Amino acid sequence: MDCKRAVKLSWALAALLGGCSQDIDPATPDPGPPPIPGNVPAPGATNRSDVWDDLFNARRLDYNLALRTAALKLVGDLPTLQEIEDVHGATDPATVYAQKIDAYLADRRFSGALVRFFRNSFRTGGPGRDTAATFAAMLVVQDRPLTDLFTATSGTCPTRDPATGGFAPADCGNGVPSAVGVLTDPGVMAAWYGNLAMRRVRWVQESFVCRKFPTEFSTAPIPKGNGQYTSPWPFESVPDKTTGRIDFRDTSSVICANCHTTMNHMAPLFANFDDTGTLQGTVQVHVPVLGLPAAQRSDWLVAGEGLAWRHGEPVTDLASLGHAIAVDPDVHECLVARVWNWALSKTDIVTDAQTVPDWIVAGLREQLEASGFRLKGVIRSAFLSKDFVRF
């Protein structure tokens with residue numbers, strides 16, 4: 001079974017498993033996913049993908065079941081009896097259902113649901129470590145551009161009032177002269193503290209690009225040791241044991257530089273945050289060698305190498321890194337894919353490999369970009385989508 005057919009299988013099974021409601025309205029046929037390119041059966045053979053197309057097309061509209069699922073996700077509670085009756089008895093249930101979604105998005109409880117969503121996305125939480133998730137939720141509720149996640153210079157450690165669902169912006173007070181969105185958040189910096197600041201770089205990558213390292217690939221891989229060097233960066237841009245204290249050019253088992261040529265060009269930017277997430281005047285992370293000495297520039301990069309978000313995208317500081325992340329299309333797609341998985345009850349896109357095919361979220365990504373990166377409308381669209389209301 002090829003990858004695209006496997007994806008269709010997983011989505012079809014998810015649709016069938018969700019279709020346990022007895023309240024099913026007549027529906028127009030669902031067109032399902034686009035056809036698989038080149039999927040032409042041999043003469044006399046059966047096109048097995050038709051089976052999955054039939055399963056997708058067999059789904060039926062159920063606005064009552066959709067309302068129940070949406071309410072649990074968006075406000076953390078079941079719909080009221082009146083809300084259920086409004087949808088069930090409507091001559092135009094689609095319009096009434098959309099009105100209920102709008103009401104949930106304006107509900108004071110929606111902000112709490114968003115904090116939980118971003119806490120799970122960022123894999124943070126606990127005393128003093130919810131500020132990044134709270135800031136992201138505030139951006140959505142206030143319909144601010146989500147690019148502020150990476151570029152806002154103040155008010156990035158807000159508090160939320162559970163009684164009203166409102167937010168009170170506040171600065172983080174962790175020694176940063178000017179914030180860089182969540183990239184300088186003390187809770188994040190504390191939670192992802194580690195040797196050479198690599199865990200912090202991994203947090204950025206997995207939270208906002210939705211993929212593990214390696215993330216950059218050359219069009220002309222080079223044989224190295226027991227594998228292929230696939231990064232577009234010069235192999236010699238990271239140190240070996242003659243130029244640093246870690247041999248990032250080691251090829252004896254895996255090709256370390258496939259990941260670290262990207263990681264090492266970012267990690268120094270996070271090195272001065274200590275284990276409490278406070279910015280200090282000196283490097284606070286260590287090298288995992290005898291004695292755990294403090295890291296220095298030569299432990300990440302060879303002399304003359306600058307910092308960068310990606311190959312060919314140089315940066316000079318955290319602020320320029322934030323701007324580079326904010327305009328990256330991969331980041332935009334990751335944000336809407338996380339919303340899609342939230343709506344469709346999928347687990348984590350990275351740790352559980354719950355990836356979303358590009359064609360499914362392309363429209364949401366375009367909507368995000370056209371709206372000036374405001375995520376609330378994308379959330380609304382996901383909960384109104386034909387895939388959400390059909391079971």
- Query: Which one of Gly187, Gly227, Gly181 is open to solvent by less than 60 Å² (accessible area, probe 1.4 Å), in contact with a Ser or Thr (Cβ under 8 Å, 6 or more places away or on another chain) and at pLDDT below 95?
  - Reply: Gly227
- In segment 314-334, how many residues are open to solvent by less than 20 Å² (accessible area, probe 1.4 Å) and either without any contact (Cβ under 8 Å) to a residue 40 or more places away in the chain or under 17 Å from Arg374 (Cβ atoms) (or both)? 5
- Task: Could you tell me which numbered condition Gly126 fails, if it satisfies all but one of (1) at pLDDT 95 or above; (2) part of a loop (DSSP other than H, G, I, E, B); (3) touching a helix residue (DSSP H, G or I) at 6+ places or on another chain (Cβ under 9 Å)?
- Result: (1)
- Can you work out which of the residues in segment 296-313 that are small (Gly, Ala, Ser) and in contact with a strand residue (DSSP E or B) (Cβ under 6 Å, 6 or more places away or on another chain) is least open to solvent (accessible area, probe 1.4 Å)? Ala308
- Only one of Pro79, Pro29, Pro93 is modelled with pLDDT under 50, on the phi < 0 side of the Ramachandran plot and out of contact with any strand residue (DSSP E or B) (no Cβ under 6 Å at 6 or more places or on another chain); which? Pro29
- Going through segment 287-329 one residue at a time, which ones are closer than 22 Å to Glu206 by Cβ and part of a strand (DSSP E or B)? Leu307, Ala308, Trp309, Arg310, Glu313, Val315
- Item | Count of segment 170-208 residues which are of a type in the set (Lys, Arg) and in contact (Cβ under 8 Å) with a residue 12 or more places away in the chain | 2
- Note on the structure: Listed by first then second residue, the pairs whose first member lies in segment 231-259 and is farther than 16 Å from Pro288 by Cβ, whose partner is part of a loop (DSSP other than H, G, I, E, B) and hydrophobic (A, V, I, L, M, F, W, C), with beta carbons under 6 Å and at least 6 positions apart or on separate chains, are Thr243/Val302; Ala257/Val238; Ala257/Phe248
- Of all residues making up segment 340-389, the number that are of a type in the set (Phe, Trp, Tyr), in a helix (DSSP H, G or I) and either touching a Leu at 6+ places or on another chain (Cβ under 9 Å) or on the phi > 0 side of the Ramachandran plot (or both): 3
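The values are calculated or read from the model by the stated rules, or taken from the named source; none is laboratory data. Predicted model, so just to flag it, every value in this text is computed and none were measured. Note that we place each Cβ from the backbone using ideal geometry, even for glycine, and neighbour counts take in every protein chain shown. Surface accessibility is based on the protein's heavy atoms, side chains included, excluding ligands, DNA and RNA. Shrake-Rupley method; radii C 1.70, N 1.55, O 1.52, S 1.80 Å.
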